[in-house]
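J.: My questions all concern the structure below.
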Amino acid sequence: MKTAWSAKSLERWPAAGPRDPAEVGGGSEKPVGRLVLRNRVDACSFALSLRQERFLDIIDRPSAPPERAGRAGGTDMAVTIFEDLKRYVGFTDADAKRLRAALPLLRSHIRPTVDRFYDEILLHDGTNRVISGGAAQVARLKETLTQWSIGVFEGPYDDGYVRRRERIGLMHVDVGLEPRFMIAAMSLFRTSFKNACVEGYAGDPRELMSLFLAIDRILDIELAIALHAYHEHYVSRLRRQEKLATLGQISASVSHELKNPIGVIKMSVYALRKKLDGTSEPKIASHLEKIDRNASRVSSIVSGLLGFARSREPRRVEAASLGSIVKEALGQVPVPANVEVSVELSDGLPALAVDEVQMTQVLANLVTNAIEAMPQGGKLKISSRRIDGREVALDVEDSGVGIPEENLRRLFEPLFTTKLLGTGLGLATSKQIVEAHGGRIEVESRQDRGSRFTVRLSASEPSGAGERSGAS
Amino acid sequence: MTTVLLADDNADFAESLADLLTEDGYSVVIARDGDEAVRLFGESRADVVLLDVTMPRMSGIDALDRIRSVSPSVPAILLTAYESMTFADRVRAAGYDVMLKPVHYPELASWLGALAER
């Protein structure tokens with residue numbers, strides 16, 4: 001990435017002795033201190049790499065809650081990590097004071113730095129996927145980054161500080177920002193902050209060096225907290241994948257074994273019903289009906305499990321129009337008379353390179369859920385929009401009961417269901433399918449107002465697709 | 001009377017299906033595995049063959065290949081609980097007729113009737 005920052009103004013500073021080792025937090029700082037004065041940016045990297053193992057030691061404690069369900073648990077751990085890091089890098093009250101004292105010098109530099117950062121980052125292809133909310137989102141992000149920058153110098157470096165930092169880290173993870181952007185940003189801000197301090201401390205190079213060390217310490221801590229959020233996310237994802245793989249294997253094996261006994265039950269029920277005549281006890285017919293209905297239900301659960309266990313790689317990728325997918329999906333789902341369906345597809349959307357059968361299954365599932373969320377009837381709206389040049393979003397919106405906040409995070413987990421007759425596999429399977437196409441599925445919901453599921457797909461050919469045919 | 005050779009290692013399934021077929025006028029010979037299916041076909045010269053795909057000792061596909069090596073035109077349906085369309089598609093692409101379990105009897109009976117009339 002091309003940067004608009006320069007470290008030139010730092011290079012003219014003559015070498016000076018390091019601070020008191022006790023103040024900098026350990027003897028290992030000494031050689032680093034000399035390097036700092038020759039080439040500050042290199043020295044930061046060097047110091048960081050020296051410390052990396054210790055950082056990872058601290059970060060890698062068996063702390064991450066298994067499912068990140070406990071963000072509260074994660075935060076407590078982040079607070080502990082924060083205290084450990086402060087102690088380890090030797091971040092002292094003197095550092096806090098120096099940073100606070102430097103803030104007036106920096107205030108006028110922060111916003112232009114933030115603007116330059118976003119000018120730069122928005123040129124990068126990878127950010128378009130993350131920052132898709134246009135100017136309003138960029139403005140919000142700039143404000144967050146400005147407040148973050150002020151916070152770095154203002155403190156106070158307490159529990160509230162680390163909680164705010166962790167929230168930002170989790171936000172990065174949630175929006176899918178790759179860690180390299182965050183690390184690059186940290187490096188650029190480090191240089192920019194230091195550049196901004198140089199003029200103000202022209203007469204006191206020793207104090208400037210101390211301020212630089214304070215900046216390094218707090219930014220190293222910031223980086224560690226941000227990386228902790230990524231680490232926690234990846235560990236949790238890894239565990240989840242292991243769980244899903246095991247679940248998939250068990251499901252496939254158990255489901256296959258269940259097919260035969262279900263078949264026998266259904267066959268025997270069929271044989272018995274054939275033998276019933278009009279004079280038979282009506283209760284017998286009713287019980288047989290129940291046995292058959294429930295055997296069918298078990299069969300459908302087993303089919304769902306088998307479907308979930310199967311690989312979701314797109315099998316037949318072709319150029320498909322959203323219109324035909326919507327039409328096909330609506331044809332598969334019976335719509336009650338009290339549900340009003342509207343379809344609003346934008347003109348001129350590119351064809352999608354998808355497995356049409358799988359994508360129809362996803363949409364049919366979302367439509368089914370939407371209808372079931374409106375037991376008293378309501379409005380179901382299917383619409384499409386272009387997010388940027390490469391992405392198309394398909395929204396399925398209902399005016400139903402909405403999804404409670406506590407269920408939103410678990411919604412795509414296999415076997416999670418709030419429906420009386422649900423298997424909890426529909427959304428999990430849909431998510432697998434969409435992600436196998438390189439897309440994303442998201443949900444927004446408001447209690448008693450309804451929900452909106454959004455499927456975001458690339459108009460280009462997805463990676464990892466299996467058999468392909470036709471133009472795309 | 002049309003003779004059906006039915007091979008399935010699940011005894012309950014085989015007996016239930018055999019009962020229904022018998023009531024519908026078929027003569028049914030039951031085999032418990034692929035090996036036995038090949039042997040009983042030789043003895044019974046069945047008109048139609050129904051084979052489960054996954055059986056001990058010899059799979060339904062292998063058994064059918066052996067049966068067809070001596071009687072190439074015998075109509076046959078493979079039954080499988082592997083619901084994967086990929087699997088079913090592959091078996092179909094290889095030239096076999098396939099029905100997924102759990103079997104819906106009226107559908108099987110109708111298919112069997114059509115095969116028996118050939």
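J.: Going through A:S253, A:S210, A:S236 one at a time, which residue ends up being assigned to a helix (DSSP H, G or I), hydroxyl-bearing (S, T, Y) and outside the structural domain of A:Y161 (by TED's automatic domain parsing)? Step through it out loud before you land on a result.
T.: On the way: A:S210 fails: outside the structural domain of A:Y161 (by TED's automatic domain parsing); A:S236 fails: outside the structural domain of A:Y161 (by TED's automatic domain parsing).
Result of the check over A:S253, A:S210, A:S236: A:S253.
J.: If you check B:Y82, B:Y105, which single one turns out to be touching a His at 6+ places or on another chain (Cβ under 7 Å) and either in contact (Cβ under 8 Å) with a residue 40 or more places away in the chain or closer than 24 Å to A:A252 by Cβ (or both)?
T.: Selected residue: B:Y82, the only one of B:Y82, B:Y105 that is touching a His at 6+ places or on another chain (Cβ under 7 Å) and either in contact (Cβ under 8 Å) with a residue 40 or more places away in the chain or closer than 24 Å to A:A252 by Cβ (or both).
Condition check ((1) surrounded by 18 or more Cβ atoms within 10 Å (Cβ to Cβ); (2) within 42 Å of the chain's Cα centre (by Cα); (3) over 30 Å from A:F153 (Cβ atoms)) across all residues:
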residue	(1), (2), (3)
A:I221	yes, yes, no
A:L238	no, yes, yes
A:K243	no, yes, yes
A:S255	yes, yes, yes
A:K266	yes, no, yes
A:P282	no, no, yes
A:S286	no, no, yes
A:I291	no, no, yes
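J.: May I pose another question? So the check is Cβ under 9 Å with 6+ separation or different chains; which pairs have a first residue in the stretch A:253-271 that's more than 7 Å from chain B (Cβ to nearest Cβ) and over 16 Å from A:H287 (Cα atoms) and a second one that's among the aromatic types (F, W, Y) and in a helix (DSSP H, G or I)?
T.: A:P261/B:F13
J.: Something else now. Yes or no: the stretch A:402-419 includes at least one residue that is in the same structural domain as A:D347 (by TED's automatic domain parsing) and modelled with pLDDT of 85 or more.
T.: yes
J.: Is the stretch B:81-93 home to any residue that is away from chain A (no Cβ under 13 Å), crowded, with 19+ Cβ neighbours inside 10 Å and closer than 17 Å to B:D8 by Cα?
T.: So far as the stretch B:81-93 goes, no, none of its residues is away from chain A (no Cβ under 13 Å), crowded, with 19+ Cβ neighbours inside 10 Å and closer than 17 Å to B:D8 by Cα.
J.: Residues in the stretch A:99-117 that are buried (at least 21 other Cβ atoms within 10 Å of the Cβ) and under 17 Å from A:Y161 (Cα atoms): how many?
T.: 1
J.: Moving on. Take the conditions crowded, with 17+ Cβ neighbours inside 10 Å and either under 18 Å from A:K266 (Cα atoms) or not aromatic (F, W, Y) (or both) and apply them to B:D33. Does it pass? Lay out the reasoning, then the answer.
T.: Numbers: crowded, with 17+ Cβ neighbours inside 10 Å: yes; either under 18 Å from A:K266 (Cα atoms) or not aromatic (F, W, Y) (or both): yes.
When the stated conditions are applied, B:D33 passes them.
Here is a yes/no grid of residues against (1) of a type outside the set (V, I, T); (2) within 14 Å of chain A (Cβ to nearest Cβ):
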position	(1), (2)
B:A37	yes, no
B:G42	yes, no
B:V49	no, no
B:P56	yes, yes
B:D97	yes, no
B:P102	yes, yes
B:L108	yes, yes
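J.: Here is a follow-up. Right, A:R315: in a helix (DSSP H, G or I), modelled with pLDDT under 90, within 14 Å of chain B (Cβ to nearest Cβ) and surrounded by 15 or more Cβ atoms within 10 Å (Cβ to Cβ) or not?
T.: So A:R315 does not fit the description; no.
J.: Just give me the residues in the stretch B:62-85 being at pLDDT below 90 and among the aliphatic types (A, V, I, L, M), in sequence order.
T.: B:A81, B:M85
J.: Also, quick follow-up: Filter the stretch B:1-22 down to the residues that are aliphatic (A, V, I, L, M) and closer than 20 Å to B:V38 by Cβ and list them by number.
T.: B:V4, B:L5, B:L6, B:A7, B:A11, B:A14, B:L17, B:A18
J.: Also: Output the number of residues of the stretch B:52-61 satisfying the condition of being modelled with pLDDT of 90 or more and of a type in the set (D, E, K, R).
T.: 1
J.: Can B:V74 be described as surrounded by fewer than 19 Cβ atoms within 10 Å (Cβ to Cβ), of a type in the set (V, I, T) and out of contact with any Asp or Glu (no Cβ under 7 Å at 6 or more places or on another chain)? Explain how you work it out, then say what you get.
T.: On the way: surrounded by fewer than 19 Cβ atoms within 10 Å (Cβ to Cβ): yes; of a type in the set (V, I, T): yes; out of contact with any Asp or Glu (no Cβ under 7 Å at 6 or more places or on another chain): yes.
Yes.
J.: Pairs, please: C-beta under 6 Å, at least 6 apart or cross-chain, first residue closer than 16 Å to B:V103 by Cβ and in the stretch A:285-302, second among the aliphatic types (A, V, I, L, M) and assigned to a helix (DSSP H, G or I)?
T.: Once the first residue is closer than 16 Å to B:V103 by Cβ and sits in the stretch A:285-302, its partners that are among the aliphatic types (A, V, I, L, M) and assigned to a helix (DSSP H, G or I) give A:D292/A:V269; A:A295/A:I262; A:A295/A:I265; A:V298/A:I262; A:S299/A:I262; A:V302/A:L258.
J.: How many residues are outside any helix (DSSP H, G or I), within 14 Å of chain A (Cβ to nearest Cβ) and within 11 Å of the chain's Cα centre (by Cα) when one looks only at the stretch B:1-24?
T.: 3
The values are calculated or read from the model by the stated rules, or taken from the named source; none is laboratory data. Here the structure is a predicted model, which is why all the values come from computation and not from measurement. Note that each Cβ is placed from the backbone with ideal geometry, even for glycine, and that neighbours are counted across all protein chains shown.
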